[in-house]
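Notes for the one structure printed next.
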Amino acid sequence: MEAVSGDAHGRSFEEVCKALGTNLDSGISEARATELLKKHGRNELKGQAGVNPWKILLGQVANGLTAVLIIAMIVSFAVQDYAEGGVLVLVIAFNTAVGFIQEYRAEKTMDALRKMASPSAKVIREGAQHRISSGDAVPGDLLTFEVGDIIPADCRLLEVLNLEVDEALLTGEAVPSLKTVEPIVGEDVTIGDRTNMVYSSTTVVKGRGRAVVVSTGMATEIGRISKAISETPTQSTPMQKKLNKMAYVLLVCALLLALIVFAVNKFEFNTEIVIYAIALSIAIIPEGLIAVITIVQALGVRRMAKQHALVRKLVALESLQAVTNICSDKTGTLTQGKMVVTTVWLPGHDAEYSIGGQAYETEGNLSSRGRVVAKEAALEDVNFRTLVECCALCNTANIVEASEGKVWGDPTEIALQVFAYKMNMGKPMLRKIKEPVEEFPFSSDTKRMSMVCQGADKELQDVYTKGAEVVLTICDNVMDRTGDLRGITGDEEFVKLVAVHQEEMAKQGLRVLVIAYRQASEKAFGKPIAKWDRAEVERGLTFIGLVGIRDTPRTESEISVRQCHRAGISVHMLTGDHKATALTIAREVGIMEPVTGSKRAREASHAVVPISTSVMTATEFDALSEKEVDALDELPLVIARCTPSTKVRMIEALHRRNKFAAMTGDGVNDAPSLKKADVGIAMGAGSDVAKTSSDIVLTDNNFATIVQAVAEGRRIFSNIRKFVLHLLSTNAGQVIVLLIGLAFKDGSGTSVFPLSPVQILFLNLVTGTPPAMALGIEPASSTIMQVPPHLRGLFTKELIMDIFVYGSFIGVLALTNWVLIIYAFGNGDLATLCNTASNLDPCSTVFRARSAVQMSFTWMILFHAYNCRHLRASLFTTEGGGRSRFFANKVLVASVFIGAVMPIPTLYIPTLNTDIFKQGGLTWEWVIVMITLFVFFFLSEVYKLLKRRFMTTPYNM
Ligand SMILES: Nc1ncnc2c1ncn2[C@@H]1O[C@H](COP(=O)(O)OP(=O)(O)OP(=O)(O)O)[C@@H](O)[C@H]1O
Ligand code: NA
């Protein structure tokens with residue numbers, strides 16, 4: 001195979017295909033593809049393997065939270081407290097391992113998703129066209145590509161139609177290279193001069209082509225220089241940044257608290273005091289946080305993939321929940337994207353033709369005024385015949401086997417081709433008479449497409465043009481039934497007649513295309529066809545007729561739009577279609593209210609927005625200056641005839657209003673708006689360029705999926721807030737216990753800690769992490785899509801207040817155990833050296849008090865997980881997580897019940913209790929622990945009651 005790849009450009013393509021064992025029409029067999037894949041390996045660049053374990057490992061160790069633990073460990077060893085130091089070593093190792101495994105798995109998932117959502121190849125195997133992952137392409141595969149595709153491998157071209165490829169990546173040449181198929185002979189032909197080749201990772205900017213793969217993976221040209229191309233850096237998300245900041249704030253707090261410990265103990269640096277300081281700094285750090293967040297996000301990403309939304313960038317999980325505006329395109333997203341030609345209007349006919357037939361079936365009746373018309377009769381009209389020819393030939397779609405739904409191409413193109421088949425004049429049938437020779441492709445900027453076709457007469461070419469109403473402006477004539485031309489320049493009446501029919505069709509929600517035709521010749525232009533200029537060709541056309549294409553809205557669109565409105569999200573439709581078409585569809589899916597509705601009439605009295613600003617054409621919108629756009633009361637809900645640059649202006653306008661926007665796109669030119677949007681959403685069937693610029697790729701192109709993804713984003717984010725609350729109120733409680741605890745000095749004047757460092761670690765990691773994780777997988781609250789999005793990020797005022805209130809409840813109540821056992825029931829003797837010494841009899845009371853603090857703390861934070869399920873509703877309601885939902889979250893139930901009994905052995909197992917945990921076995925003290933739990937439950941309910949009474953902000957968790 002190597003023999004081919006080096007000089008493929010110098011040989012004819014037949015020769016290359018022969019050497020590779022590829023059939024020019026049907027490609028290679030699946031069996032051979034499998035075999036070749038084994039032989040050559042996947043078509044991937046090595047550096048792109050993506051996941052770097054070392055980097056992940058470093059990330060686990062080099063963060064603020066771990067730093068505190070490492071310092072604490074070093075200090076422990078320095079003061080020769082080996083038990084503490086040893087436990088800390090274990091904790092750090094465990095934390096690093098868990099974090100590493102989880103993050104590694106998450107990265108793998110993300111990587112797999114990115115691969116799924118990234119360039120695919122259109123391959124012909126065994127005669128049928130498939131879309132495969134680029135990685136599966138093998139040398140010998142027959143590929144096709146078109147505008148917007150990223151070339152998946154190095155290939156020799158077999159067929160080109162105006163193919164131009166941007167090769168700047170390889171050659172540094174900014175001007176796209178125009179491709180050919182003839183062999184290029186000569187020595188030292190540089191990559192840039194091998195115009196009959198296309199190279200992996202370059203982008204098709206124009207035209208179409210078919211080619212055979214000659215080399216893949218590291219054997220490609222890009223593979224040779226791939227070391228130079230580094231992987232895309234993973235940026236930290238706003239939430240990660242906030243958490244990093246929090247980690248450093250906590251680090252400073254930890255040092256400050258240590259300082260306080262030393263100050264209170266008059267800067268006497270004995271082991272006892274140092275360990276107290278360690279205890280405090282461990283208490284303030286939420287050890288389990290990073291692991292929980294990573295796991296919850298990974299689960300979310302996996303779940304969204306199942307719901308047809310592939311998350312390419314983790315940041316999307318966070319941005320989704322804050323989306324205030326969704327800008328969606330229409331075709332295929334709000335509608336089914338299965339277009340069908342239903343109506344044809346020709347000049348000289350009062351009535352329109354209606355076309356019957358289901359979806360892509362190539363059979364259907366022609367009728368007019370409700371009566372069936374014979375196709376042959378209709379085709380006698382030269383206008384009708386030309387119109388059908390245009391639909392068939394000026395067309396990029398392929399109907400392989402319509403009955404099996406095997407159709408290829410853009411929905412509009414398919415609709416027109418199917419229509420031509422219905423008239424028994426499909427592309428394959430016509431091609432015997434006429435052959436397309438030059439294409440001026442469709443773009444959403446020009447909104448038209450032309451094809452030059454060659455018939456038997458070599459002197460004369462046919463030009464077929466179709467497109468939006470702009471096409472009418474380049475028409476000079478109209479034909480009667482026999483083919484005689486009549487000038488229409490300045491014929492206002494005729495233009496108006498066409499406009500009336502067009503408007504009428506558009507109002508039914510139809511996409512209307514103008515069909516036009518002309519004859520041209522090389523002689524008249526004075527140059528060969530390949531040199532013809534688009535502007536020269538697309539003028540002086542003859543108007544042929546109008547075609548109306550129906551695209552039914554998806555049934556779920558209306559529901560989803562309503563859901564958005566309830567969730568405080570505005571939905572905008574940015575479509576390439578005509579204003580009337582757009583408006584009809586917008587009303588059908590509920591983006592705009594029906595005109596005749598009494599509701600609008602009622603609202604009109606206090607409506608500030610004149611309806612005209614809610615629907616605009618791109619031209620109208622672009623005519624407004626930035627200032628004028630900002631002065632609008634409301635940005636338009638529908639923009640018709642939208643171009644990619646208008647999409648960018650729309651995003652910018654939304655950003656100036658401090659909105660958070662999601663934008664969909666599938667075209668090559670959509671990359672800028674997708675990048676600019678806060679959440680760029682590409683379509684699975686869209687162009688590679690759009691996909692690689694997006695944050696999320698929808699595999700089903702469905703608007704409902706976007707809304708589902710927003711709901712999922714909100715769920716994940718609110719759950720993150722729930723467990724952050726849980727973990728941080730635990731820490732706040734511990735800090736309170738230890739700070740107040742400083743006041744309890746023993747015989748030697750040293751503060752005796754009510755919670756030992758190992759107890760704290762046990763609480764934070766063993767007891768606290770599983771319920772936090774369980775909160776992370778909570779289902780969404782029923783109201784999550786009934787409140788406006790909020791942009792305030794992770795730490796809201798309510799959340800911070802909750803952390804301190806619950807932290808105080810837990811801390812003070814736990815400390816009450818300490819006070820009661822030592823002073824009320826004990827003799828108030830704190831003995832001496834009970835922070836380190838373990839088996840001294842005098843420490844017995846202190847040890848038992850510590851156990852009680854530990855146990856009541858444990859039970860309170862486990863119960864607190866239930867509090868965190870809903871921050872305002874009472875546990876006695878279903879909404880509040882109690883009643884029927886009490887046992888719903890199995891992980892929560894398990895972690896609470898296991899967590900409640902787990903520490904009990906540590907109270908009683910000799911040596912473990914005294915030497916490591918520095919605590920002792922409980923007896924009658926259990927009663928105090930239970931009462932403490934009950935009081936906590938009571939206080940929580942009272943607090944929630946007060947919140948329900950006095951908090952006015954909407955609840956959005
Ligand atoms: N294949 C085509 N050939 C010629 N004209 C076309 C073709 N497809 C669309 N048009 C014209 O261009 C207009 C805009 O189409 P465009 O493809 O930009 O919209 P779209 O992206 O398919 O629709 P939407 O933006 O609603 O998803 C259409 O209303 C139609 O008049
Ligand atoms: Na983006």
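Where a number appears in this text, it was derived from the coordinates with a stated rule and is not lab data. Note that the structure is predicted; figures quoted are calculated from it, not measured. So basically every Cβ, Gly included, is an ideal-geometry build from the backbone, and we count neighbours across all protein chains shown.
Here are a few things to note about the model shown:
- As a rough footprinting exposure proxy, the listed residues Thr730, Thr331 were ranked by other beta carbons within 10 Å of their own, and the order from fewest upward is Thr331, Thr730.
- FRET efficiency, Arg656 to Asp457 (Cβ-Cβ, R0 45 Å, nearest 0.05): 0.20
- Computed E for Arg948/Ile740 - FRET, C-beta separation, R0 22 angstrom, nearest 0.05: 0.15
- Dipole axis of the stretch 344-549 (+1 Lys, Arg; -1 Asp, Glu on Cβ), positive-most option in Ala397, Gly487, Gly540: Ala397
- Mean separation of Cα pairs under 8 Å and 6 or more residues apart, divided by the residue count, gives the chain a relative contact order of 11 percent.
- Count Lys and Arg as plus one, Asp and Glu as minus one, and take only other residues whose Cβ is under 13 Å from that of Ser844; the net charge is then 0.
- DSSP-loop trypsin sites (Lys or Arg not before Pro) across the stretch 293-397, with at most 11 other Cβ within 10 angstrom: Arg369
- Modelled spin-label separation between Trp408 and Lys108, with each label point placed 7 Å from Cα along the Cα-to-Cβ direction: 3.6 nm.
- Alpha-carbon centroid distance for the pair the stretch 887-957 / the stretch 855-876, whole angstrom: 8
- Theoretical gain in end-to-end length, Arg883 to Phe262 [0.36 nm per residue, Cα-Cα removed]: 218.8 nm
- Going by neighbour counts of Cβ atoms within 10 Å, the residues Glu558, Glu492 line up, fewest first, as Glu492, Glu558.
- Using the Cβ-Cβ distance between Leu255 and Arg42 with R0 set to 51 Å, the FRET efficiency from 1/(1 + (r/R0)^6) comes to roughly 0.50.
- Screening the chain for whole DSSP H helices with an alpha carbon extent of at least 30 angstrom along the helix axis and a mean Kyte-Doolittle hydropathy of at least 1.0 yields 238-264, 797-819, 926-950.
- Pairwise centroid distance, computed over Cα atoms, of the stretch 650-673 with the stretch 411-459, Å: 34
- Extension gain (nm, one decimal) between Lys523 and Lys375, 0.36 nm per residue minus Cα-Cα: 49.7 nm
- Cross-link reach list, aspartates and glutamates versus Lys691, counting only Cα pairs under 12 Å and skipping chain neighbours closer than eight places: Asp149, Asp666, Asp670
- Taking the stretch 298-326 and a reference point 7 angstrom along Cα→Cβ of Asn52, the backbone N atoms nearer than 18 Å belong to 314.
- Those residues of the stretch 756-787 whose amide nitrogen sits under 12 Å from the label point placed on Asp700, 7 Å along Cα→Cβ: none
- Potential extension, Arg224-Lys890 segment - 0.36 nm per residue separation minus Cα distance: 234.5 nm
- If you sort the three axes of the alpha carbon gyration tensor as a ≥ b ≥ c, you get a/c of 1.5 or more for the stretch 1-232 and a/b above b/c, which makes it prolate.
- Across the options Thr343, Tyr360, Met304, the greatest Cα extent toward the positive end of the charge dipole of the stretch 302-368 (unit charges at beta carbon of Lys, Arg, Asp, Glu) belongs to Met304.
- Shape call, the stretch 410-460: gyration tensor on alpha carbons, a/c limit 1.5: oblate
- Protection proxy ranking of 249-258, 619-628, 502-511, 136-145 - average other beta-carbon atoms within 10 Å, highest first: 136-145, 502-511, 249-258, 619-628
- Fewest neighbouring Cβ atoms within 10 Å first, the residues Leu698, Leu366 line up as Leu366, Leu698.
- Placing a label point 7 Å from the Cα of Val189 along the Cα-to-Cβ direction, the residues of the stretch 7-29 whose backbone N falls under 11 Å of that point are 7-13.
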